[in-house]
Amino acid sequence: MTRHIVAIGQLPPPLNGFSFATRSMIALLSEANSVTVANIAPPFGKLSLLKHPVRFARVLGACLQLFRDRKRVNRICYLGCEGGLGLIYTLLIVLVARTLGYPTYLHHHSFSYVEKPSLFMRCILTLGGRNLRHIFLCDMMRDGFADTYGGRTRCYLISNAAYVAPREESDEATDSTRLVIGMLSNLTAEKGLDTFLDLARQARKENLPIKAVLAGPAGVGERAAIDAAVAELSGSLEYRGPLYDDAKTAFYRGIDVFVFPTTYTNEAQPLVIFEAKAAGNAVISCNRGCIRKQLDESDLLIPSDGEFIPTALAWLSAMSPDPALAARRKAIRQSYKARHAKARAAVTAVFDFDEA
């Protein structure tokens, strides 16, 4: 059934996991529905000093769009749910949508209010009433939300795998003498930068045939730490800076194992893990958010309170570069193709229902 969707959320710039997922979801919804988009992202660049006034004006604009489209047939509101104080904006939009009679789909991307109760989320649930539906990234997020707020919610599951297309097999040669590990992220301590650098140092200390490749934007302090490590580990550590498009694709094709030692409190379902698996990379990561559900038998999940570096090195040492890695990459890509197709189908299923 064709819908008219008023899609509200943060869109790039700035580009981050939340804005990328929202933009990608809107693109999927636009394939079979009429969609009106309202961008409520914070201002970028020079206007960032006016963050809250500009955001409030954009939220009011989104509410006005809901009012304009109130008489459209089969209308619904799709809303990317924020975390922290951003829930205040979500609350306002949910209230207006309910007043105008919109069925509202709240798409959750943060564990901040799942693991710790939020007064704002309780208000959203109360004011949203029966018109409110919830889209979660995995069953762990759904179950955690139910445990935190109690009661039943009308909910659906859509994995972020829906937004990351499978990669085609590449003929590019990889390093046959060393295992190549890589990390790509916004490079901060919370995302695991320090742990990755220490992992590269320890691999060098133990004379393991491992090369580390690092990519992503870094602040001044982080860049200084990276440059020092690159100089210290000459030849064993490479930093490529922020990567986009073809350069990003080449990064994933050139590594064997993607390492993501995140300790970020609000980590949900990192897109970089799906990007790595789409390219055929095995993954080593921590048990946070939905990550456990992203990994499978080809990967290594390390408990949040576990010893990351010795556990990872023991696992990597058993993966010496050999012809078996090519078969492994192919199997990972094939498995991810099925996951991506399932997630895409879930998008259609969520919005193709009988309202009665």
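Some values worked out for this structure:
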| item | result |
| --- | --- |
| R0 of 35 Å, Cβ-Cβ distance GLN202-ASP139: FRET efficiency to nearest 0.05 | 0.50 |
| Cysteines without a disulfide-compatible partner [the chain; Cβ-Cβ under 4.7 Å] | CYS63, CYS77, CYS81, CYS123, CYS155, CYS286 |
| Gain on full stretching of the segment that runs from GLU115 to ARG292 - 0.36 nm per residue minus C-alpha separation | 62.1 nm |
| Set of lysines with alpha-carbon distance to LYS293 below 28 Å, sequence-local pairs under 8 removed | LYS116, LYS191, LYS211, LYS248, LYS277, LYS330, LYS337, LYS342 |
| Compactness of the range 179-339 as Cα Rg over 2.2 N^0.38 Å, two decimals | 0.96 |
| Partner aspartates and glutamates for LYS205 [C-alpha distance under 19 Å; skip if fewer than 8 residues away on the same chain] | ASP194, ASP227, GLU232, GLU238, GLU307 |
| Computed E for THR126/SER24 - FRET, C-beta separation, R0 35 angstrom, nearest 0.05 | 0.70 |
| Computed lengthening from ASP245 to LEU64, 0.36 nm per intervening residue step minus Cα-Cα distance | 61.6 nm |
| Among THR195, THR177, THR36, residue whose mean-square fluctuation peaks in a GNM of the chain (springs only between Cα atoms under 10 Å) | THR177 |
| Linear extension gain, ALA318 paired with ALA346, 0.36 nm per residue minus alpha-carbon span | 6.4 nm |
| Shape category assigned to the range 4-158 from the gyration tensor of Cα positions, a/c cut at 1.5 | rounded |
| Gap separating the Cα centres of the range 68-88 and the range 226-283, nearest whole Å | 34 |
| Simple spin-label estimate for PHE56 and ALA146 in nanometres, 7 Å along Cα-Cβ | 3.9 |
| With every protein chain in place, the chain: carbon and sulfur % of accessible area (1.4 Å) | 54 |
| Alpha-carbon radius of gyration plus Dmax, which is the widest Cα pair, for the chain in Å | 21.6, 68 |
| The chain, relative contact order in percent, only Cα pairs under 8 angstrom and at least six apart counted | 15 |
| Dipole of the range 106-233, positive end: most advanced residue of ALA229, ASN160, ALA189 [Cβ charges, Cα centre] | ASN160 |
| Estimated FRET transfer efficiency when R0 is 22 angstrom, pair ARG223-ALA189 (beta carbons, to 0.05) | 0.95 |
| Neighbour-limited loop hits for chymotrypsin sites (Phe, Trp or Tyr not before Pro), the range 208-288 (at most 14 other Cβ within 10 Å; DSSP other than H, G, I, E, B) | TYR244 |
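The values are calculated or read from the model by the stated rules, or taken from the named source; none is laboratory data. Remember, predicted model here, so these are calculated numbers, not experimental data. Every residue, glycine among them, receives a Cβ derived from its backbone with ideal geometry; neighbour counts consider all protein chains shown. The area values use the complete protein model at the heavy-atom level, side chains included, leaving out ligands, DNA and RNA. Shrake-Rupley method; radii C 1.70, N 1.55, O 1.52, S 1.80 Å.
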